[in-house]
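Peer 1: This structure is in structure tokens; I'll ask about it shortly.
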Amino acid sequence: MAALDEIRSAALKRIAEAGKLDALNDIRVNVLGKKGELTQLMKNLKDMTPEERPKFGQLVNSAREEIEQKLAEARDMIAKRERELALAQEVIDVTLPAKKANIGHPHPNSLALQEVERVFVGMGYEVVEGPEVEYDMYNFEKLNIPANHPAKDEQDTFYINKDILLRTQTSSVQARVMEKGKLPIRIIAPGRVFRSDEVDATHSPSFNQIEGLVVDKNITFADLKGTLAEIAKQLFGEETKVKFRPHHFPFTEPSAEVDVSCFKCGGKGCRFCKGSGWIEILGCGMVHPHVLEMCGIDPEEYTGFAFGLGLERISLLKYEIDDMRLLYENDIRFLKQF
Ligand code: DAH
């Protein structure tokens, strides 16, 4: 009993003197904890008579309750005092200027894409998107690139499984749109494409393309030329000329690659156009009748043209950036220049 009284009054004294929450916690552990003084004291129960035991147990418990209550009171008081102290000390001067928020900056690709979209939407095109994880069927087969076609090797493909891949070209969206069967079609489809390429100043395993597709009655190569000539002027300046060079793509016939006159030197030849006066910007052609057919469109009734351009290429040209890797590092100091 004497020991209990001693523990109790010592604990209450320590609580009254404790000035910090940490100190209170120490007292709780020392006195009430699993190895605490009161818990130890309870071990004496076994040496007592059966009559003494309940009485002693009760006394220990009420001492425990009393200490717990005092601890709680002291905790509230100290917390309140600390809060008041903090409020008094931490004065906020609302008249001081705020910290400047760090905000991002539009990426050159975003700026170039906005520009391209603005031009095409102005010509009545709709902007659509397709999935980056794509069926082989849409990325190759329906574009007239069957298994074993050499074009499949040219675009080193990341396969997910035999039928599913990361699209190597936004041309995959062509087949998806045509298949829906809503005619006429006038769309551009921007998006990310993937090829198993090593990173260097002009290559990356992931880059962006913008696909274009028009399908209607009486669409001719003249429409394609007129459209692309107009786009080139809007993107690179009124003086810009276009040159169509015959080329081959499986999904267009005839096909062409298009160069624009160098907007830096006007065609005289400079470092920018590597002295040729021309800069290649895209591939295009008349949609192959077999592609129309495979996508459920009657090639006797409808014709169309398609084109595909690399967004990074436009960004690099427009903003005179000489290394594609800069576009992927996203260094804010670089981005802020555009
Ligand atoms: N998909 C082609 C590529 O990635 C680019 C292209 C060429 C798209 C001609 C077209 C086209 O729509 O008609 O190299």
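The values are calculated or read from the model by the stated rules, or taken from the named source; none is laboratory data. Note that the structure is predicted; figures quoted are calculated from it, not measured. Glycine also receives a Cβ, built like all others from the backbone with ideal geometry; neighbour counts cover every protein chain displayed. Ligands, DNA and RNA are stripped out before the accessible areas are found, and what is left, the full protein with its side chains, is counted by its heavy atoms. Shrake-Rupley method; radii C 1.70, N 1.55, O 1.52, S 1.80 Å.
Peer 1: Name every residue in region 183-196 that is touching a strand residue (DSSP E or B) at 6+ places or on another chain (Cβ under 9 Å) and more than 10 Å from the ligand (Cβ to nearest atom), in order of residue number.
Peer 2: L183, P184, I185, R186, I187, I188, P190, G191, R192, F194
Peer 1: When the residues of region 224-242 are narrowed to those that are open to solvent by 40 Å² or more (accessible area, probe 1.4 Å) and touching a helix residue (DSSP H, G or I) at 6+ places or on another chain (Cβ under 6 Å), which ends up nearest to the ligand (Cβ to nearest atom)?
Peer 2: Among those that are open to solvent by 40 Å² or more (accessible area, probe 1.4 Å) and touching a helix residue (DSSP H, G or I) at 6+ places or on another chain (Cβ under 6 Å), it is V242.
Peer 1: Additional query: Could you check how many residues of region 146-176 are more than 27 Å from the chain's Cα centre (by Cα) and open to solvent by less than 30 Å² (accessible area, probe 1.4 Å)?
Peer 2: Going through region 146-176 one residue at a time, the tally reaches 1.
Peer 1: Now, a different point. Please determine whether any residue of region 295-302 is touching a residue at least 40 places away in the same chain (Cβ under 8 Å), within 14 Å of the ligand (Cβ to nearest atom) and in the same structural domain as A222 (by TED's automatic domain parsing).
Peer 2: yes
Peer 1: Quick check, is C262 at pLDDT 95 or above, in contact with a strand residue (DSSP E or B) (Cβ under 7 Å, 6 or more places away or on another chain) and either within 25 Å of H149 (Cα to Cα) or more than 10 Å from the ligand (Cβ to nearest atom) (or both)?
Peer 2: Working: at pLDDT 95 or above: no; in contact with a strand residue (DSSP E or B) (Cβ under 7 Å, 6 or more places away or on another chain): yes; either within 25 Å of H149 (Cα to Cα) or more than 10 Å from the ligand (Cβ to nearest atom) (or both): yes.
So C262 fails the test.
Peer 1: While we're on this one: Return the only residue of R53, R8 being open to solvent by 80 Å² or more (accessible area, probe 1.4 Å) and either touching a helix residue (DSSP H, G or I) at 6+ places or on another chain (Cβ under 7 Å) or not β-branched (V, I, T) (or both). Outline the logic, then answer.
Peer 2: Working: R8 fails: open to solvent by 80 Å² or more (accessible area, probe 1.4 Å).
Matching residue, one of R53, R8: R53.
Peer 1: K162 versus (1) touching a His at 6+ places or on another chain (Cβ under 7 Å); (2) away from the ligand (no atom under 16 Å from the Cβ): which is the lone unmet condition?
Peer 2: Among (1) touching a His at 6+ places or on another chain (Cβ under 7 Å); (2) away from the ligand (no atom under 16 Å from the Cβ), the lone unmet condition for K162 is (1).
Peer 1: Is it true that some residue in region 269-292 is among the hydroxyl-bearing types (S, T, Y) and either open to solvent by less than 50 Å² (accessible area, probe 1.4 Å) or not assigned by TED's automatic domain parsing to the domain that holds E329 (or both)?
Peer 2: If we filter region 269-292 for residues that are among the hydroxyl-bearing types (S, T, Y), which is where we start, we get 276.
If we keep only those that are either open to solvent by less than 50 Å² (accessible area, probe 1.4 Å) or not assigned by TED's automatic domain parsing to the domain that holds E329 (or both) too, we end up with none.
For region 269-292, residues among the hydroxyl-bearing types (S, T, Y) and either open to solvent by less than 50 Å² (accessible area, probe 1.4 Å) or not assigned by TED's automatic domain parsing to the domain that holds E329 (or both): absent.
Peer 1: Working carefully through the options V116, V121, V199, find the one that is more than 14 Å from the ligand (Cβ to nearest atom), under 20 Å from S315 (Cα atoms), of a type in the set (V, I, T) and part of a loop (DSSP other than H, G, I, E, B).
Peer 2: Of V116, V121, V199, the one residue that is more than 14 Å from the ligand (Cβ to nearest atom), under 20 Å from S315 (Cα atoms), of a type in the set (V, I, T) and part of a loop (DSSP other than H, G, I, E, B) is V199.
Peer 1: Of the residues R245, R192, R186, which is under 15 Å from P131 (Cβ atoms) and either open to solvent by less than 10 Å² (accessible area, probe 1.4 Å) or in the same structural domain as Y319 (by TED's automatic domain parsing) (or both)?
Peer 2: Being under 15 Å from P131 (Cβ atoms) and either open to solvent by less than 10 Å² (accessible area, probe 1.4 Å) or in the same structural domain as Y319 (by TED's automatic domain parsing) (or both) holds for just one of R245, R192, R186, which is R192.
Peer 1: Oh, and also: Of all the residues that make up region 143-176, how many are without any contact (Cβ under 8 Å) to a residue 24 or more places away in the chain and over 17 Å from G310 (Cβ atoms)?
Peer 2: 8
Peer 1: To continue, here is another question. Here is a list of conditions, (1) over 20 Å from the mean Cα position of the chain (by Cα); (2) more than 16 Å from R176 (Cα to Cα); (3) modelled with pLDDT of 90 or more; (4) surrounded by fewer than 15 Cβ atoms within 10 Å (Cβ to Cβ), and I332 meets all of them except one; can you say which number that is?
Peer 2: Checking I332 against (1) over 20 Å from the mean Cα position of the chain (by Cα); (2) more than 16 Å from R176 (Cα to Cα); (3) modelled with pLDDT of 90 or more; (4) surrounded by fewer than 15 Cβ atoms within 10 Å (Cβ to Cβ), the one that fails is (1).
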